[in-house]
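The values are calculated or read from the model by the stated rules, or taken from the named source; none is laboratory data. Everything numeric in this text was worked out from a predicted model, so none of it was measured. Here the Cβ positions follow ideal geometry from the backbone for every residue, glycine too, while neighbour counts run over all protein chains shown. The area values use the complete protein model at the heavy-atom level, side chains included, leaving out ligands, DNA and RNA. Shrake-Rupley method; radii C 1.70, N 1.55, O 1.52, S 1.80 Å.
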Amino acid sequence: MNSKIVYLDNNATTPVAPEVKEIILETLDIYGNASSMHGPGRLANAAVSHSRKAVASLIGAEPEEIIFTGGGSESNNTVLNLVFSDIFENTGRDRIITTKIEHPSIYETVQTLETKGVKVTLIGVDGKGNLKMDELEEAMGDDVAIVSIMMANNEIGTILDIGEAARIAHSCGALFHTDAVQAVGKIPVDVKALDIDFLSLSGHKLYAQKGIGALFIKKGIPFCPLIHGGHQEAGRRAGTYNNTGIIALGRAAKLAEDQMEQEIPREQALRDDLKERLLATVPDITINGDQEAILPGTLNVSFPGAEGESILLYLDLEGIAVSTGSACATGSLEASYVLLELGLGPELAHSSIRFSLGAYNTQEDVDYVLEKLPPIIKKIREMSTL
Amino acid sequence: MSFMDEWVYTDTVKDHFMNPKNILSDPDYKEDGKGMVGSMACGDQMLVALKIENDIVVDLKWKTYGCASAIASTSMMSEMAIGMTLDEAYHLTPEMITDRLGGLPNHKFHCSVLGDKALRAAIDDYLERQGRENTFKKSVAKIICECKGVTDQQIEALVQSEEALSFEQLQEQTGLGTVCGKCKNTAKELFDELLHIYGH
Ligand SMILES: Cc1ncc(COP(=O)(O)O)c(C=O)c1O
Ligand code: FES
């Protein structure tokens, strides 16, 4: 295998930033239980508080509005399970509204809740992945407990109109949650301006490590923990504080806040260059997702006539890491439900490749892809039945 | 670094994936029989073209829209089938192909099922073009429902012709699973797989 790695799968996960790695190593010695009163405990507590401020600052929240979790999936599950909690008792609210293009940690969770008697309404999107606001408006009612709409889609990068969705949800008295795992750290997010009640974020999408995330819970909004058994996080999430994870997430949040202004145009320029030159060199390709309201580093392309997993693995042999919406890669028999929901036929969905650029990609990486990919597509198409 | 070098597939799979053998590239290839199976919906489609002399497969060319396993298993299948008698080629099984490849991940087994199916379809086509009776078909049929004597080939034919597009339709037409019922799970699995392969 090629020792050169061009990593273009940053929506799947990001490498740990050197700055974050440094602080992880430094603070591995902070072993105290942040709930303890003694010196080592107070040290850990100070570090956790510091991180909480950094995470809050990144999304325009107050530190008390942030709890740390085991990642984006836990944050999402926590909010959706509120539907069973006391806070909706005797309110007549037993319905969840979400979209058809959510991440499985929302999509499959609501399916499970449905089997337990929760009513679920799924809202569709247009061909670019934008939420159908009229559908949302029509679906609303005073039986709705929670509306959960992702801020940016992981596969196509489309950024949804969260401000408008929150307004519609609140007009019916429902609570509003957004899965912002793909957005936080990549684009500016302000929970106050958007009037969000709950927001999920995840460390490993913004250059911290896997298994740490956070949930924003707006002050004054009723809440009930998913994980019981301790007074941590002011009774909102039990479990001894994950010092290393929390400190790393705080550092990563600070880095993201400091660098975002330069990083957005830089990633965008690389993404646009990759897109334009692919369109110019590879015939018959289509670009998926909204090309205006889109994450700066995401580019989703269909290469009709070439099956996605083959493209992925030929690229892998050249040291290029991407992902695909093809069924073959997942072991299921269906192509990506997100791409199918956009109205792409199965052929385009099976032929899709997602490039997701991140902070460590360079012009050289883009040039390397443009050198390797066109002959691969040609080769695959030559052996294709289409 | 060493675990970075381990590929998702075996070395043999990788080898056939990187340099697939016997790809059909000549648009004027004069085949004696041709078969195509699979569908775009499931993301795998396979075409096999054969040259046959004295009931021996003297040449085989193929094309696929499919994943790495489909490419590798069909490439391997083509090497195995060339030189075989029609009888041997008709009885080439997915297991024989995956064994030669040194194994495939479990969920990839489906891909190599297409390779041998396309090969049989090509032989069927050859016999039909020759106006010869197809004695192989029965020889590879497997009984799925013992009570009603329904074979996998009968089920496949009903799916292929779109006469059975739901399990209920299949039961109405064959009586499958209506007596002791023990065949139902196996039959359902096979039926779903066939629906998928034929893109219904
Ligand atoms: C949109 C979205 N939500 C949630 C998650 C899950 O986050 P985590 O892996 O931290 O559980 C991911 C990524 O895996 C994601 O892309
Ligand atoms: S084996 Fe099919 S009904 Fe008995």
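Do the conditions hold for B:Phe17, that is, is it open to solvent by 70 Å² or more (accessible area, probe 1.4 Å), modelled with pLDDT under 95, within 14 Å of chain A (Cβ to nearest Cβ) and in a helix (DSSP H, G or I)? Talk me through it step by step, then tell me what you get.
Details: open to solvent by 70 Å² or more (accessible area, probe 1.4 Å): no; modelled with pLDDT under 95: yes; within 14 Å of chain A (Cβ to nearest Cβ): yes; in a helix (DSSP H, G or I): yes.
Answer is no for this residue.
Would a scan of segment A:260-272 turn up a residue that is of a type in the set (Gly, Ala, Ser), in a loop (DSSP other than H, G, I, E, B) and surrounded by fewer than 20 Cβ atoms within 10 Å (Cβ to Cβ)?
Going through segment A:260-272, the residues of a type in the set (Gly, Ala, Ser) turn out to be A:269.
From what's left, in a loop (DSSP other than H, G, I, E, B): none.
There is no residue in segment A:260-272 that is of a type in the set (Gly, Ala, Ser), in a loop (DSSP other than H, G, I, E, B) and surrounded by fewer than 20 Cβ atoms within 10 Å (Cβ to Cβ).
Within 14 Å of ligand 1 (Cβ to nearest atom) and assigned by TED's automatic domain parsing to the domain that holds A:Val48: does that describe A:Phe198? Spell out how you get there, then give the answer.
Details: within 14 Å of ligand 1 (Cβ to nearest atom): yes; assigned by TED's automatic domain parsing to the domain that holds A:Val48: yes.
The answer is yes for A:Phe198.
Residues in segment A:147-156: is at least one surrounded by fewer than 17 Cβ atoms within 10 Å (Cβ to Cβ), more than 16 Å from ligand 2 (Cβ to nearest atom) and either on the phi > 0 side of the Ramachandran plot or in a loop (DSSP other than H, G, I, E, B) (or both)?
Step one: filter segment A:147-156 for residues surrounded by fewer than 17 Cβ atoms within 10 Å (Cβ to Cβ), giving none.
No, segment A:147-156 contains no residue that is surrounded by fewer than 17 Cβ atoms within 10 Å (Cβ to Cβ), more than 16 Å from ligand 2 (Cβ to nearest atom) and either on the phi > 0 side of the Ramachandran plot or in a loop (DSSP other than H, G, I, E, B) (or both).
If I ask for residues that are in contact (Cβ under 8 Å) with a residue 40 or more places away in the chain and farther than 26 Å from B:Pro20 by Cβ, which ones from segment A:292-319 would you list?
Passing the criteria: A:Ala293, A:Ile294, A:Leu295, A:Pro296, A:Gly297, A:Thr298, A:Leu299, A:Asn300.
List the residue pairs whose Cβ atoms are under 8 Å apart, where the first residue sits in segment B:133-153 and is farther than 25 Å from B:Gly181 by Cα, the second is within 16 Å of ligand 1 (Cβ to nearest atom) and of a type outside the set (D, E, K, R), and the two are 6 or more positions apart or on different chains.
Listed pairs, sorted by first residue: none to list.
Being in contact with a helix residue (DSSP H, G or I) (Cβ under 9 Å, 6 or more places away or on another chain) and of a type in the set (S, T, N, Q) is the filter here, so list the residues in segment B:172-200 that pass it.
From segment B:172-200, those in contact with a helix residue (DSSP H, G or I) (Cβ under 9 Å, 6 or more places away or on another chain) are B:173-174, B:176-178, B:184, B:187-188, B:190-200; that's our starting set.
Of everything in segment B:172-200, those that are in contact with a helix residue (DSSP H, G or I) (Cβ under 9 Å, 6 or more places away or on another chain) and of a type in the set (S, T, N, Q) turn out to be B:Gln173, B:Thr174, B:Thr178.
Do you know which residues across segment A:87-129 are within 13 Å of ligand 1 (Cβ to nearest atom) and open to solvent by less than 60 Å² (accessible area, probe 1.4 Å)? Give the derivation first.
From segment A:87-129, those within 13 Å of ligand 1 (Cβ to nearest atom) are A:98-99, A:101-109, A:129; that's our starting set.
Listed by number, the residues that qualify are A:Thr98, A:Thr99, A:Ile101, A:Glu102, A:Pro104, A:Ser105, A:Ile106, A:Tyr107, A:Thr109, A:Gly129.
Here is a yes/no grid of residues against (1) in contact (Cβ under 8 Å) with a residue 24 or more places away in the chain; (2) assigned to a helix (DSSP H, G or I); (3) within 11 Å of chain B (Cβ to nearest Cβ); (4) surrounded by 16 or more Cβ atoms within 10 Å (Cβ to Cβ):
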position	(1), (2), (3), (4)
A:Leu339	yes, yes, no, yes
A:Leu344	yes, no, no, yes
A:Ala349	yes, yes, yes, yes
A:Ile353	yes, no, no, yes
A:Val369	yes, yes, no, yes
A:Pro375	no, yes, no, no
A:Arg381	yes, yes, yes, yes
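Can you name the condition, by its number, that A:Ala306 falls short on among (1) more than 14 Å from chain B (Cβ to nearest Cβ); (2) not in a helix (DSSP H, G or I)?
Single failed check for A:Ala306: (1).
Given B:Glu163, B:Glu193, B:Glu168, which one is modelled with pLDDT under 90, away from ligand 1 (no atom under 16 Å from the Cβ) and among the acidic types (Asp, Glu)? Spell out the reasoning first.
Details: B:Glu163 fails: modelled with pLDDT under 90; B:Glu168 fails: modelled with pLDDT under 90.
None of the other options fit; the residue is B:Glu193.
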